[in-house]
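For reference, the structure is listed below as structure tokens.
The values are calculated or read from the model by the stated rules, or taken from the named source; none is laboratory data. Remember, predicted model here, so these are calculated numbers, not experimental data. Positions of Cβ are backbone-derived with ideal geometry, glycine not excepted, and every protein chain shown enters the neighbour counts. Heads up: the accessible areas ignore ligands, DNA and RNA and are worked out on the full protein's heavy atoms, side chains in. Shrake-Rupley method; radii C 1.70, N 1.55, O 1.52, S 1.80 Å.
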Amino acid sequence: MASLPFDVSLELALGGKGAVAKADYDAALVATAPHLDWLRKARADKSLELLGVPSRTDDIEAAQKVAEAFCRDTTDIAVLGIGGSSLGGQALKAALENHDREGPRVTFHDNPDPFAWKEYLSKADLKTTRFVAISKSGGTAETLMQALTAADEIEKAGGGKYLRHHFVMITEPGDNVLRKFAASIEAPVLDHPKDVGGRYSVLTMCGALPSILMGIDIKALRGGAQEYLDYALSDAQPECAEGAALHFALSKSGRLDQTVLWAYADRLNTFHAWWRQLWAESLGKDGKGSTPVGALGPVDQHSQLQMFRDGPGKSLYTILSTDMKGEGLAAPRERAEALGLGYLAGKHMGDLVDAEARATAQTLSRNGRPVRTIHLPKIDERSIGALMMHFMLETILMGKLMGVDPFDQPGVEEGKVLAREYLQKES
């Protein structure tokens, strides 16, 4: 590819007071080579389904047909799912939703708070509200609870005859509860790839259908991911390998308890919620891993920066920014100068945020904290697709370097089993 849709710099991580030792970083980077080869082989022999998702088009065509029918006489679409079934879609909504499109409002309901869900259903026009229920396994208790109670409220409101028009299900092929529910009301079902885990599923139907409903160009999103994938697996030392090596070098030297993704744009705020699950669920195993922490622009300079600058100091900071200089409203020159605010006179709000992003990176570096910067000149489908693929590959490579399986989640499964046992005992 001619150029990446984002720029990555390790200058403040490999230089300055908080520098990662060059020898440690170089050794870690060399250690990524066999794992990059594993990814290349996995793509060639199609043993890792995730790597084939960006080039697919057949599922998009199926989703577009479903979406067209689903949006008829529809004012609202509630997306039901939790974890990877929702966070990717939420990140795409915040970053890319087309607010000028004609179509229904799309909202995400992941945390099954009983009060909030009851309130939503009580205020929704159930004649014109539709529901997308997403569960890879088809047995996610939280999503099933939401779907079943929504169907019940629709029936109570007299809409039971048309229940099939109110739901679309996304789940993996096979015999599972969500498919049985869909069959019982004759609702359409779209397939979730069986071998792509939830936290890696943003480019699958989990993100594709919500994207179509929100006016996001899913083909361009996948195109950006494919572009980065092709680049990463043809380059000897792609940025995803450098990021994994940086984390691993810090981990081996005992300097990595946390990794912080600090987004300097509201449109990227939900991105780090998606990334947190990806990193935490993939790598927190066998007493290993680093806690992922999200931060947002200037607001967290006034909240977390004190701890980040002067706390224990076992963290890597990734500053995620976009072009902001000259953007937004400008402070009126005359009034600002009269108030002694000459440094703000005539400056745009984007100028302030841009300066603060650069200042935060320098402040952390000068105080012994390793900093990586990632800059997206433009937030669009291409750049977000590429960035998501970058982080998925970085996470996989980090898992391989650590010696843990980046694709399983035994701790999550244990919690699900115990929750069901509690419910059965109390029934």
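Can you tell me which of 397-403, 46-52, 243-249, 166-172 comes out highest on packing, and rank the rest after it, using the mean Cβ neighbours within 10 Å? Before the final figure, lay out each step's value.
Numbers: 397-403: 21.1, 46-52: 16.6, 243-249: 26.1, 166-172: 24.6.
Descending packing order for the listed peptides: 243-249, 166-172, 397-403, 46-52.
Karplus-derived 3J(HN,Hα) values for the stretch 30-40, using 6.51 cos²θ - 1.76 cosθ + 1.60 with θ = phi - 60°, are 4, 5, 6, 4, x, 6, 5, 4, 4, 5, 4 Hz; glycine and proline are entered as x.
Go ahead and run the numbers for FRET between residue 23 and residue 236, Cβ-Cβ distance against an R0 of 30 Å, rounding to 0.05.
Working: r = 19 Å, r/R0 = 0.63.
E between residue 23 and residue 236, to the nearest 0.05, is 0.95.
Heavy-atom surface analysis with a 1.4 Å probe gives the stretch 295-427 a carbon and sulfur content of 55 percent of its accessible area. The residues of the chain have, on average, 46 Å² of accessible surface per residue, using a 1.4 Å probe with all protein chains present.
Between 55, 135, 211, the Gaussian network model of the chain with springs among Cα atoms under 10 angstrom shows the greatest mean-square fluctuation at 55. Residue 45 exposes around 70 Å² of accessible area when a 1.4 Å probe is run over every protein chain in place.
Does the stretch 48-148 classify as rounded, prolate or oblate by the C-alpha gyration tensor (a ≥ b ≥ c root eigenvalues; a/c under 1.5 gives rounded; else a/b over b/c gives prolate, otherwise oblate)? Show your work: numbers first, answer last.
Numbers: a/c = 1.76, a/b = 1.23, b/c = 1.43.
Note, shape of the stretch 48-148 comes out oblate.
Can you tell me the FRET efficiency between residue 7 and residue 175 if r is taken as the Cβ-Cβ distance and R0 is 51 Å, rounded to the nearest 0.05? About 0.60, to the nearest 0.05.
Roughly what % antiparallel, to the nearest 5, for the DSSP beta bridges in the stretch 215-368?
Values: 1 of 13 bridges.
Here the antiparallel bridges make up roughly 10 percent for the stretch 215-368.
Listed highest first by mean packing, meaning other Cβ atoms within 10 Å per residue, what order do 420-426, 384-390 come in?
Per-residue mean Cβ counts within 10 Å order the peptides as 384-390, 420-426.
With the cut-off at under 18 Å, measuring from each backbone N in the stretch 353-372 to a point 7 Å along the Cα-to-Cβ line of residue 329 picks out 353-354. In sequence order, the stretch 311-328 has phi-based couplings of x, x, x, 9, 9, 10, 10, 10, 8, 10, 9, 9, 5, 10, 4, x, 9, x Hz under the Karplus curve 6.51 cos²θ - 1.76 cosθ + 1.60, θ = phi - 60°, and Gly or Pro positions carry x. Helix 239-252 axis versus longest C-alpha principal axis of the chain: approximately 70°, rounded to the nearest ten. Each of 338, 278, 375 was scored by the projection of its Cα onto the charge dipole of the stretch 242-400, and the greatest displacement toward the positive side belongs to 278; charges sit on the C-beta of Lys, Arg, Asp and Glu.
For the stretch 1-77, the fraction of 1.4 Å probe accessible surface lying on carbon and sulfur atoms is 53 percent. Among the lysines, which have Cα under 27 Å from the Cα of residue 180 when same-chain residues fewer than 8 positions away are ignored? Straight-line reach from residue 180, under 27 Å: 65, 118, 127, 136, 156, 161, 194, 416, 425.
Out of the DSSP beta bridges found with both residues in the chain, what percent are antiparallel (nearest 5)? Don't jump to the answer; show the numbers that get you there.
Values: 4 of 39 bridges.
Antiparallel: roughly 10 percent of the beta bridges in the chain.
Specify whether the C-alpha gyration tensor of the stretch 133-202 places it in the rounded, prolate or oblate class, a ≥ b ≥ c being the square roots of the eigenvalues: rounded for a/c under 1.5, otherwise prolate if a/b is larger than b/c and oblate if not.
Details: a/c = 2.51, a/b = 1.98, b/c = 1.27.
Prolate.
Extending 7 Å from the Cα toward the beta-carbon at both residue 414 and residue 102 defines two label points whose distance is 5.5 nm. For the chain, a simple Cβ point-charge model (Lys and Arg +1, Asp and Glu -1, everything else neutral) yields a dipole of about 420 debye relative to the Cα centre. Please label the shape of the stretch 204-331 as rounded, prolate or oblate, based on the square roots a ≥ b ≥ c of the eigenvalues of the alpha-carbon gyration tensor (a/c under 1.5 means rounded; beyond that, a/b larger than b/c means prolate, else oblate). Oblate shape, in that a/c is at least 1.5 and b/c is the bigger or equal ratio.
Working note: Karplus 6.51/-1.76/1.60 with θ = phi - 60° gives the stretch 304-309 the couplings 10, 4, 4, 5, 5, 7 Hz, where Gly and Pro are set to x.
Once the chain from residue 423 to residue 305 is taken as fully extended at 0.36 nm per residue, the excess over their C-alpha distance is 38.3 nm.
Give the Rg/Rh ratio for the chain, taking Rg as the radius of gyration of the Cα atoms and Rh as the Kirkwood radius, to two decimals. Show your work: numbers first, answer last.
On the way: Rg = 22.9 Å, Rh = 23.1 Å.
With Rh from the inverse mean 1/r over Cα pairs, Rg/Rh is 0.99.
Among 75-87, 198-210, 316-328, sorting by the average number of other beta carbon atoms lying within 10 angstrom of each residue, highest first, gives 198-210, 75-87, 316-328. For residue 108, the residues 5 or more places off, or on other chains, whose built amide H falls under 5 Å of its own are 79.
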